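Below is a structure I'd like to ask you about.
Every read-out reported here was derived from the displayed coordinates using simple, explicitly stated rules and does not represent laboratory data. Since this is a predicted model, take the numbers as computed values, not measurements. Backbone-built Cβ (ideal geometry, glycine too); neighbour counts: all protein chains shown.
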Amino acid sequence: MPDVNGPALYRRLKEMKPRLAERLILVTGDTLSQSVQEFLDSSDLPCLEKPFDLGEVRRIVAAVIAGEPTTNRRKAKAARE
């Protein structure tokens, strides 16, 4: 995004429209950087890591639309390890 990154967008939405911020789905190809890892862990939002599969996209989008809890993929993966 030209003038704002994902974490900044999330913080702005959380301040201005908290209910909308709760419906975000994060998409990233950079899960190795410390700052991205910290943001993903602290936000507790669902995250699709690139490359992702269409089934996972459908599952997460359907859950968010239905207002169902979603699992942060990184936290679920860490819990299994």
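Please arrange 22, 49 by counting, for each residue, the other beta carbons lying within 10 Å of its beta carbon, fewest first.
Neighbour counts put them in this order, fewest first: 22, 49.
With a 10 Å Cβ neighbour count serving as the proxy for reagent exposure, in which order, fewest first, do 20, 40, 9 appear?
Least crowded to most crowded, the residues run 20, 9, 40.
Using the scaling law 2.2 N^0.38 Å as the reference, what is the normalised Cα Rg of region 6-80?
Here the Cα radius of gyration is 1.07 times the empirical estimate.
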